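Down below is the structure, laid out as structure tokens.
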Amino acid sequence: MTQATIYHNPRCSKSRETLALLEQQGCDITLVEYLKTPPTAEVIGDILTKLGISARELMRTKETEYQTLGLADTSLTEQQLIEAMVNTPKLIERPIVLANQRAAIGRPPENVLAIL
């Protein structure tokens, strides 16, 4: 049985669909409601490494907080963007699934099948 961790927002349809897909695949799921329990900077860094993307690519750039916090500023470092996600977890793209030492963003939900 595949162990999978999902960084989940129950209010998000893609997150719910991804969770259902993991259940259908028979995964042993650890569910993290990241808005209630935000990941640390170290965890976000690990997720970024596994995804092979930059911090900005993991951010929800259409969120109001992205603009109000001035996060479009291209002079901001990776660490500054990661800290913004730690402090404002709403900025983190969702859902993120970790399994088999890999990560995938469930947009669309079928993306996670590649890491199971």
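So which of ASN9, ASN100 is in contact with a Ser or Thr (Cβ under 9 Å, 6 or more places away or on another chain), surrounded by 14 or more Cβ atoms within 10 Å (Cβ to Cβ) and modelled with pLDDT of 95 or more? Full working, then the answer.
Numbers: ASN100 fails: surrounded by 14 or more Cβ atoms within 10 Å (Cβ to Cβ).
Only one candidate qualifies: ASN9.
List the number of the failed condition for ALA114; all other conditions in (1) part of a strand (DSSP E or B); (2) out of contact with any helix residue (DSSP H, G or I) (no Cβ under 9 Å at 6 or more places or on another chain) hold.
Here ALA114 clears every test but (1).
With the requirement that a residue be farther than 27 Å from THR5 by Cα and not polar (S, T, N, Q), what does the range 46-88 give you?
Just the residues of the range 46-88 that are farther than 27 Å from THR5 by Cα, to begin with: 64, 67-77.
Within the range 46-88, LEU69, GLY70, LEU71, ALA72, ASP73, LEU76 meet the criteria.
Scan the helices (runs of 4 or more DSSP H) fully inside the range 1-79 and keep the ones with 2 or more residues being in contact with a His (Cβ under 7 Å, 6 or more places away or on another chain) and not acidic (Asp, Glu).
Numbers: elements: 13-24, 41-51, 64-68.
Qualifying helices (runs of 4 or more DSSP H): 13-24.
Out of the range 8-67, which residues are among the charged types (D, E, K, R), within 13 Å of ARG94 (Cα to Cα) and in contact with a Leu (Cβ under 9 Å, 6 or more places away or on another chain)?
Within the range 8-67, ARG11, GLU57, ARG60, GLU63 qualify.
Take the conditions basic (Lys, Arg) and closer than 20 Å to MET1 by Cα and apply them to ARG102. Does it pass? It would help to see each step written out before you state the result.
Details: basic (Lys, Arg): yes; closer than 20 Å to MET1 by Cα: yes.
Taking the combined requirement at face value, the residue satisfies it.
The values are calculated or read from the model by the stated rules, or taken from the named source; none is laboratory data. None of the values given here were measured: they were computed from a predicted structure. Cβ atoms come from the backbone with ideal geometry, glycine included; neighbour counts cover every protein chain shown.
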